[in-house]
1. Please list 3J(HN,Hα) in residue order for the stretch 23-39, calculated via the Karplus relation 6.51 cos²θ - 1.76 cosθ + 1.60 where θ = phi - 60°; whole Hz, with x for glycine and proline.
2. Given the C-alpha atoms of the stretch 252-361, compute the convex hull and give its volume per residue in Å³.
3. For the stretch 123-263, what number results from the quotient of the Cα radius of gyration and 2.2 N^0.38 Å?
4. Place +1 on the Cβ of every Lys and Arg and -1 on the Cβ of every Asp and Glu in the stretch 221-333, take the dipole about the Cα centre, and give the residue among 303, 231, 249 whose Cα lies farthest towards its positive end.
5. 5 Å is the cut-off here: which amide hydrogens, built 1.01 Å from N in the peptide plane, fall below it relative to residue 236, excluding neighbours closer than 5 in sequence?
6. Mind checking which lysines have their Cα closer than 25 Å to the Cα of residue 293? Skip sequence neighbours fewer than 8 apart in that chain.
7. Taking θ = phi - 60°, what integer Hz values does the Karplus form 6.51 cos²θ - 1.76 cosθ + 1.60 yield along the stretch 311-317, in sequence order, with x for Gly and Pro?
8. What shape does the stretch 268-322 have by the C-alpha gyration tensor, where a ≥ b ≥ c are the square roots of the eigenvalues, rounded means a/c under 1.5, and otherwise prolate means a/b greater than b/c and oblate the rest?
Amino acid sequence: MAKKDYYEVLGVNRDASDEQVKKAYRKLAMKWHPDRNPDNPKAEEHFKEAKEAYEVLSDSQKRAAYDQFGHAGVDPSVAGAGAAGAGFGGFADAFGDIFGDIFGGGRARSTVYRGADLRYNLEISLEEAARGTETRIRIPAMEACETCSGSGAKPGTSPTTCTACHGHGQVRMQQGFFSIQQTCPRCHGQGKVVTSPCQACGGAGRVKRQKTLSVKIPSGVDAGDRIRLSGEGEAGMNGGPPGDLYVVVHIHPHSVFTRDHNDLHCEMPISITTAALGGEIEIPTLDGYAKIKVPAETQSGRVFRLRGKGIKGVRSSTHGDLLCHVAVETPVNLTARQKELLAELEAINRKDAGRHDPRAKSWMEKVREFFAQ
């Protein structure tokens, strides 16, 4: 199985600072540490994956090699792993080389590599997520060098056939009775060497540049959704296809609404008199204000549902609802007259508490029963 992109493993952008990389790793290490997940068999796998990604991205030299060559640039099991041609070494290749050589075969190793996929974290507002939007982003990425057209050779020259492997990309080594093929240490499996490197890219064939892209955000997108931009990842090597760019959506916390899938929730404070006597109040929606009737004797915590005032999700055919949670507000900064009226009201309520404060009376009866046991 192909390894995941290290930046995607840690959940950071490719231009993330060392501190951001460290912070992301610490968060994942705390989450997936085996000692904290004794009943999760996959925790150790996630922990090792995050540790491997951090060990590469926290080392400036390894990170530079990874940014330029992908996993092949930091794979210690491959001869010449820091160079552009490395990458497909391993158990299967070793056996293929041994048996191919025994039976007179031998094969050239492919040197065409697909570019790495990229991840970009995009933050948008709740309104933009609900209605959709279009934005422009700037990302750093490895692109084919325009000066040498990706060959790595100085303009006017071209890579020459490697004299060590004669263009096969592999050389034979005698080990006992076996003649084993391995990646050529001179050309790193490419079969060609650049004798006059391009000054623009230093012979790598790719350069790191900032590029601006337009991203269309569909209406109803939710946090965690990914938008794939095909072919907008890093350039491939030796004519390989480019990778893809995945834009991961994050939504800013809203000052009024909380989203739950396609539904919206909000808290609406009302006065104690409105709660007691009833009335009509205005509540906000994403499309403006709506009016709801509050019946008399409404208690704090009651929920009013407005059908179709939520969000229509990307994969949904209908809008969600808006749920308004009522919070009865106790008045503050009372005048002397207000205090006098409230005291009079309290005195009236006490004369017939079972009628005027049924919940309080019921609760007190349960308390008495508890202590009477």
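The values are calculated or read from the model by the stated rules, or taken from the named source; none is laboratory data. Everything numeric here is computed off the predicted structure, so don't read it as measured data. When we count neighbours, we look across all protein chains shown, and the Cβ atoms used for this are built from the backbone with ideal geometry, even at glycine. Heavy atoms of the whole protein, side chains included, go into the accessibility calculation; ligands, DNA and RNA do not. Shrake-Rupley method; radii C 1.70, N 1.55, O 1.52, S 1.80 Å.
1. 5, 5, 5, 4, 5, 5, 4, 5, 6, 9, 4, x, 5, 8, 9, x, 9
2. On the way: hull volume 14.8 nm³, N = 110.
Normalising the Cα hull of the stretch 252-361 by residue number yields 135 Å³.
3. Relative to the rule-of-thumb radius for its length, the stretch 123-263 sits at 1.63.
4. Working it through, the farthest residue towards the positive pole turns out to be 303.
5. Here 115, 243 satisfy the definition.
6. Correct list for residue 293: 309.
7. The phi angles translate into 10, 8, x, 4, 9, 10, 9 Hz.
8. Details: a/c = 3.45, a/b = 2.54, b/c = 1.36.
Judged from the Cα gyration tensor, the stretch 268-322 comes out prolate (a/c at least 1.5, a/b above b/c).
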